[in-house]
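Input: a single structure, listed below in structure tokens.
Rule-based calculations on the coordinates, nothing more; no lab input. On a predicted model such as this, the values are computed, not experimentally measured, just so you know. Methodologically, a virtual Cβ is constructed for each residue, glycine included, from the backbone with ideal geometry; neighbour enumeration extends over all protein chains shown.
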Amino acid sequence: MGVRKRKKDLSLLERIYIPEIIKGLVLTMKNMFRPKFTMEYPEEKFIPPASYRGRPVLVMEENGEERCVACGLCSRVCPALAIEVQASETEREKERYPEKFEINMLRCIFCGFCEEVCPEEAIVMSKDYELAFSNREEAIFDKEKLLIPISQLDERIQFLRQYK
């Protein structure tokens, strides 16, 4: 037969949790007197940093063409299955373009996988965080809603390039 180890007996203070209660009260008092960081939204808008992952958008070059070559990697990597891409052929320099590119913003979880996998830097996470819809159809963003000029996305693209 094995030797039984005796459990350590708790002191009276440990049994009634007084030290833990005091620690909790001290922490609460410290936080009560710290400065507040509340923003008065919508009067005061949050200005996100370059690392912020807002809604995904498609990059539009200066000449008005999208960068996307419709490889479909973004739709394959999307864990929420929010992206739908249909490719079409073209006679221009790039052989393919997205005939249909849709993102269901109700499904999108803003993970950024689509941005990471894109070989052309054609889809990036913008700084847009205000998304409100009155019905489901408004939440499906097509190419026209997704295309943003590259000049507006320059800060995010530079941020991405420093980590590649």
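Observations on the structure shown:
- Potential lengthening between Q152 and L106 on full extension [0.36 nm per residue; Cα-Cα distance subtracted]: 14.1 nm
- F159 versus I140: modelled label distance in nm, points set 7 Å from Cα along the beta carbon direction: 3.0
- About the Cα centre, charge dipole magnitude for the chain (Lys/Arg +1, Asp/Glu -1 at Cβ), debye: 2100
- M105, M60 arranged by Cβ crowding within 10 Å, fewest neighbours leading: M105, M60
- Among the GluC sites (Glu not before Pro) in the stretch 73-127, those placed in a DSSP loop whose Cβ has at most 10 other Cβ atoms within 10 Å are E91, E93.
- Estimated inter-spin distance, R34 and R76, nm [label 7 Å along Cα→Cβ]: 4.5
- Degrees, to the nearest 10: 18-32 long Cα axis against longest axis of the chain: 40
- Cα Rg over Rh - the stretch 97-164, Kirkwood: 0.96
- Packing, taken as the mean count of other beta carbons within 10 Å per residue, orders the peptides 46-53, 75-82 from highest to lowest as 75-82, 46-53.
- Summed side-chain charge close to C78 - residues other than C78 whose Cβ falls under 13 Å, Lys, Arg +1, Asp, Glu -1: -2
- Whole-percent pair-distance distribution, where bins are 5 Å wide, for the alpha carbons of the stretch 31-110: 3, 11, 16, 16, 15, 11, 9, 7, 5, 4, 2, 1, 1, 0
- When only alpha carbons of the chain are considered, Rg and Dmax amount to 25.7, 85 Å.
- Helices in the chain, meaning DSSP H runs of at least 4 residues, each add -39500 (n - 2.57). Divided by all residues, the mean residue ellipticity at 222 nm is -6000 deg cm²/dmol.
- Cys residues of the chain that find no other Cys beta carbon under 4.7 Å: C68, C71, C78, C108, C111, C118.
- Relative packing of peptides 26-36, 150-160, 9-19 - highest average C-beta neighbours within 10 Å first: 150-160, 9-19, 26-36
- Taking the chain and dividing mean pair separation by its residue count, relative contact order in percent (alpha carbons under 8 Å, at least six apart): 26
- Neighbour net charge for Y97 - beta-carbon separation under 9 angstrom, K R +1, D E -1: -2
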